[in-house]
Structure formats: structure tokens, C-alpha cells
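S.K.: My questions all concern the structure below.
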Amino acid sequence: MQCCHFKECGSCTLEGSYEEQKAFKLNAISSKFSEFYDKEFEFFASNEKNYRIRAEFGIWHEADKIYYTMHSKNKGERIFVRECPKVCEQIVSLMPILLNELESDAKLKHRLFGVEFISCSSGVLATLLYHKKLEATFLEHIVNLANKLDITIIARSRGQKILSHELNLIDELKIDGRIYKFHLSENAFIQPNKAVNEKMITWAKINLAKGGKDLLELYCGHGNFTIPLSENFKNVLATEISKSSIFYALKNCDINDTKNIKFLRLSADELISAFKNEREFNRLKDINLHEYDFSYILVDPPRAGLEPSVINFIKNYENIIYISCNPDSLYENLIQISQTHEVVKFAVFDQFAHTHHVECGVLLRKKNG
């Protein structure tokens, strides 16, 4: 990938060809986890460019001009961004046009400090971030601009949000030959690399035995894994602490006509407490946890990994699928989990090409005896 900002921008951290980067990452992960897994590590590559469907840029004002900015490799500095080959083509095309329109509208330009983009099957959302109170007349300006560019716009300031049109973000993922649709909120956690996200879900789906009993999932978000994987099981119980994520997960069940999932707004520790009958939860009044027969548990935790209480809990299950965005916390967790389970599959997903970051998928099975 050629980028005129490569030597300056702090977003890309790996040099060399993409083939060299893939080899570097695969070697790094296979070396780090060799004590847990001595077979072949699967590697799922990214598109070399135009892979990000979500992007954020700062805005810099100089005289009457405005510029997109990114953090520099020199700490504390910023660079003016003329291009970003990592973002998807819809965002690439929109960026200069939107900047010109904002520059020509004094009201929209004033105190603007950032722009965020989300691109999905239903179109592009641009969020404009401001250091000022947004007046009532602001709505007319963003509606006109949104109509002109055929996008949806949100203007945000502290305690304020103005929307150009009703928000209707819908993305589509192709998993194992089927299209799944997902309603998204503007604040939803979205895997930024759509193509690799599809590979991650497909990998998980084909490695879960069809005709499985029931699936338990922690940290389910809006159902990214839950809904496609539900076809492999009789019943699915999925938990998430975010109220908004649960709201959209339920909508996503409806849009995909999925009927065998129960979503619960519970933290991992609350769920563990419920399983131990330590306390009652009103959110569980219509659910008997002990009627489920879970053959798999799926965890997709935040970067910090799993707490010791969660590790002790998941050790009770025969099969574990662990999706990790942080190899360091995954390594620390596997030290504990490997006492009772063995790694039978290990995959590396290059969600963030041209950076040091990777995601991993690990399938573990309980040891005999």
C-alpha cells in the first residue's frame, strides 16, 4: 500500500510489503503461543487497502482553510492528511467533498474539531464534532448538506446531538454463503475490517459442531457472532452489559428471523452470580438457567481480557471459543485456561493491516481426566 504520509503518520506502524508484514505477524503469534499449540496456525489476511469501514480524523483550522489531521509518529504532533488508503472507497471518495462543503459553510466550519465516518450497506454516516453550543438553525445546515451528499450527518457537541435524518444504519455480512443483516447505532462497537470480520465469524461457525446442544456467549455486543452461530445450536443464551447493544441485538434477531436466542443485559460477574444462585435478577424472571445444556461457550472480551472469576467459570464447559483483540491478555488468560483445556485450533486475523495489531481466535477443548 502506497501512502504519501507513511513516514509521518502514526496510524501505520509496520514497514515492508504486505507479504512481509503477514509473515512477521504469523511468526510473532506462533512463537508467542507455541507452548499452548504446536500445530499449524491459520492466518486470515486483510485487503491491503480500503479495508476500514470506520475512521476518525481531527480537524485543523488555519486562516479560512480546514484540514483533516492524524497523530504523527512524533509524539504530541499532528500531520495534515491528504489521503488515507486504509479507509474504504466510499469514505475515500467522500472525504475531500465533505471537507470542501464544510469549508464553504461558516456555521458548519466554526469550532469543528473532528469528523468520524461509518460506511455500511445502507450508506455513509458522518459525525461532526464541535466545541460550541449548536443553535436551532444548525439543523437546516446539516440537512441541506446531507441531502446534497446523499449521506446521513450527526452534529455533536457536549450534551447535544442533531441528526439530519432518521438513523437507519444497516450492514450486511456474508457468512458461510448466507447474508446476515445488522442494525447498528452510531456508537456501536463495529469491527473496522468488514472482510476480516466475515472471515472471523465464518471460522468460528465452521469450527463449532453443527447440531450442538446450546451455546452460551459473554460480551455479545449487537449479535455479531451470536446470530450467525445460532444456526449450529438448539438454543443460545447471550449476555452483554450495554443496554444499547442489547436493544440492537434484539432488532437484529428480528431482521434475520432468528428465534432461538435469548439476550440478557448482564455483566459476566452478574451471570456467574446467577448461575451460583447467589442472588435473583428480575431480568432472569422468565429464564431458567439450569434448563440449558451448553456444549460451547464463546467469549469475546475487551482488551484487558478475562477476569479470574470469568476464567474459573468458563473452565466448567467442555468447549471454549475465545476471540481476542489483545495477544498479551490472551496469553495471560491461556496460562490459566490451559490447566484444564487444550488448544485444538488457533487462528490469526489481520484486522489491522500495516499495524502491529492482530485478533486471534482460539478453540479449546477440555482435557480428558
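The values are calculated or read from the model by the stated rules, or taken from the named source; none is laboratory data. Here the structure is a predicted model, which means the values were calculated and not measured. In this analysis, Cβ positions are derived from the backbone assuming ideal geometry, glycine residues included, and neighbour counts consider all displayed protein chains. Heavy atoms of the whole protein, side chains included, go into the accessibility calculation; ligands, DNA and RNA do not. Shrake-Rupley method; radii C 1.70, N 1.55, O 1.52, S 1.80 Å.
S.K.: Sum up the charges of everything whose Cβ sits under 13 Å from the Cβ of Ile154, counting Lys and Arg as +1 and Asp and Glu as -1, but leave Ile154 out.
M.R.: -1
S.K.: Put one equal scatterer on each alpha carbon of the stretch 132-191, apply the Debye formula with no solvent term, and list log10 I(q)/I(0) at q = 0.17 1/Å to two decimals.
M.R.: Results for the stretch 132-191 at q = 0.17 Å⁻¹ read -0.69.
S.K.: Follow-up. What are the radius of gyration and Dmax of the stretch 17-99, computed over its Cα atoms and given in Å?
M.R.: Looking at the stretch 17-99, its Cα Rg and Dmax stand at 18.3, 60 Å.
S.K.: Specify which labelled value, from (1) 72, 50, 37; (2) 56, 48, 34; (3) 60, 42, 37, agrees with Cα extents along the principal axes in Å derived from the coordinates of the model shown.
M.R.: Looking at Cα extents along the principal axes in Å for this model, the match is (1).
S.K.: Oh, and also: Which of the aspartates and glutamates could a cross-linker bridge to Lys25, judged by Cα under 16 Å and excluding same-chain residues fewer than eight apart?
M.R.: Within the straight-line limit of under 16 Å, Lys25 reaches these aspartates and glutamates: Glu15, Glu40, Glu42, Glu48, Asp328, Asp350, Glu359.
S.K.: Just to be sure I follow: if Rg is taken over the C-alpha atoms of the stretch 77-160 and Rh is the Kirkwood radius over the same atoms, what is Rg/Rh?
M.R.: 0.95
S.K.: Using the Cα centre of the chain as the reference point, and only Cβ charges (+1 on K/R, -1 on D/E), how large is the resulting charge dipole? Debye, rounded to the nearest 20.
M.R.: 380 debye
S.K.: Compute the distance from the alpha-carbon center of the stretch 192-246 to that of the stretch 31-92, in whole Å.
M.R.: 26 Å
S.K.: Which whole-number percent is the relative contact order of the stretch 65-197 (Cα, under 8 Å, 6+ apart)?
M.R.: In percent, rounded to a whole number, it is 16.
S.K.: Provide the per-residue ³J(HN,Hα) series for the stretch 181-193, in order, calculated from phi with Karplus coefficients 6.51, -1.76, 1.60 and θ = phi - 60°, each as a whole number of Hz, with x at glycine and proline positions.
M.R.: Once rounded to whole Hz, the list reads 10, 9, 6, 10, 8, 5, 9, 5, 6, 10, 4, x, 9.
S.K.: To test your reading of the geometry: what angle, between 0 and 90 degrees and rounded to tens, separates the Cα axis of helix 243-255 from the longest principal axis of the chain?
M.R.: Rounded to the nearest ten degrees, it is 80.
S.K.: Something else now. Report, for the chain, the % of DSSP beta bridges that are antiparallel, rounded to 5.
M.R.: On the way: 49 of 77 bridges.
Restricted to the chain, the bridges split so that about 65 percent are antiparallel.
S.K.: Then there's this: Rounded to whole Å, give me the distance from the Cα center of the stretch 341-362 to that of the stretch 253-331.
M.R.: 21 Å
S.K.: Which residue, Asn27, Asn288, Asn224, tops the fluctuation ranking in a GNM of the chain built on C-alpha contacts under 10 Å?
M.R.: Highest fluctuation of the listed residues: Asn288.
S.K.: May I pose another question? Cα extents of the stretch 155-292 along the three principal axes, largest first, in whole Å?
M.R.: Dimensions of the stretch 155-292 along the principal axes of its Cα atoms: 47, 39, 22 Å.
S.K.: Leaving out ligands, DNA and RNA, what percent of the accessible area of the stretch 236-369 is carbon and sulfur, probe 1.4 Å?
M.R.: Carbon-and-sulfur percentage of accessible area, whole number: 45.
S.K.: Looking at the stretch 262-369, which trypsin sites (Lys or Arg not before Pro) are in a loop (DSSP not H, G, I, E or B) and have at most 12 other Cβ atoms within 10 Å? Walk me through the numbers before you get to the answer.
M.R.: Working: sites: Lys262, Arg265, Lys276, Arg279, Arg283, Lys285, Arg303, Lys315, Lys345, Arg365, Lys366, Lys367; in loops: Arg265, Lys276, Arg279, Lys285, Arg303, Lys315, Lys367.
Hits after loop and neighbour filter: Lys276, Arg279, Lys285, Arg303, Lys367.
S.K.: Here is a further query. Would you mind counting up the charge near Gln336? Only other residues with Cβ under 12 Å from its Cβ, with Lys and Arg at +1 and Asp and Glu at -1.
M.R.: -1
S.K.: Report Rg(Cα)/(2.2 N^0.38 Å) for the stretch 1-153, keeping two decimals. Don't skip to the end; give the middle numbers.
M.R.: Numbers: Rg = 19.3 Å, N = 153, 2.2 N^0.38 = 14.9 Å.
Against the empirical 2.2 N^0.38 Å value, I get 1.30 for the stretch 1-153.
S.K.: OK, next. In percent, what relative contact order does the stretch 1-135 have, based on Cα pairs under 8 Å that are 6 or more apart in sequence?
M.R.: Result for the stretch 1-135 is 25 percent.
S.K.: If you average the sequence gap of Cα pairs under 8 Å that are 6 or more apart and divide by the length of the chain, what percent do you get for the contact order?
M.R.: Contact order relative to length: 16 percent.
S.K.: Return one number: the angle in degrees, 0 to 90 and rounded to the nearest 10, between the long axis of the Cα atoms of helix 138-149 and the longest principal axis of the Cα atoms of the chain.
M.R.: For helix 138-149, the angle is close to 80 degrees.
S.K.: Accessible area per residue, 1.4 Å probe, Å², for the chain: what's the number? Mind showing how you got there, number by number?
M.R.: Numbers: 18040 Å² over 369 residues.
Here the per-residue accessible area is 49 Å².
S.K.: Need the list of lysines near Lys32 for cross-linking: C-alpha distance under 17 angstrom, and skip anything on the same chain fewer than eight residues off.
M.R.: Lys22, Lys345
S.K.: May I ask for the angle, rounded to the nearest 10°, between helix 89-103 and the longest principal axis of the chain, with both axes built from Cα atoms and the value confined to 0 to 90°?
M.R.: The angle comes out near 40 degrees.
S.K.: Leaving ligands, DNA and RNA out of it, report the carbon-plus-sulfur percent of the accessible area of the stretch 44-153 at a 1.4 Å probe.
M.R.: Percent of accessible area from carbon and sulfur atoms in the stretch 44-153: 50.
S.K.: State the dimensionless ratio Rg/Rh of the stretch 119-226 (Rg: radius of gyration of Cα atoms; Rh: Kirkwood radius).
M.R.: 1.11
S.K.: Related question: Amide H to amide H, which residues 5 or more places from Thr69 or on other chains are under 5 Å from it, using H placed in the peptide plane?
M.R.: Gly58, Ile59, Trp60, Val81
S.K.: Follow-up question, since we're still on this one. Helix-only estimate, please: 222 nm mean residue ellipticity of the chain, summing -39500 (n - 2.57) across DSSP H runs of length 4 or more and dividing by its residues, to the nearest 500. Present the calculation step by step, with values, prior to reporting the outcome.
M.R.: Working: 10 runs with 103 residues, N = 369.
For the chain, the value works out to -8500 deg cm²/dmol.
S.K.: Please compute one quarter of the surface area of the Cα convex hull for the stretch 266-369 and express it in square nanometres.
M.R.: Here the figure is 7.6 nm², rounded to one decimal.
S.K.: Provide Rg over Rh for the stretch 16-60; use the alpha carbon set for both Rg and the Kirkwood Rh (inverse mean inverse pair distance).
M.R.: Values: Rg = 15.2 Å, Rh = 13.1 Å.
So for the stretch 16-60, dividing Rg by the Kirkwood Rh gives 1.16.
S.K.: Excluding Ser122 itself, calculate the net charge of residues whose Cβ lies under 12 Å from the Cβ of Ser122, where each Lys or Arg counts +1 and each Asp or Glu counts -1. Please report the intermediate quantities before stating the final value.
M.R.: Numbers: positive: Lys181; negative: Asp150, Glu166, Asp171, Glu172.
With Lys, Arg at +1 and Asp, Glu at -1, the neighbours total -3.
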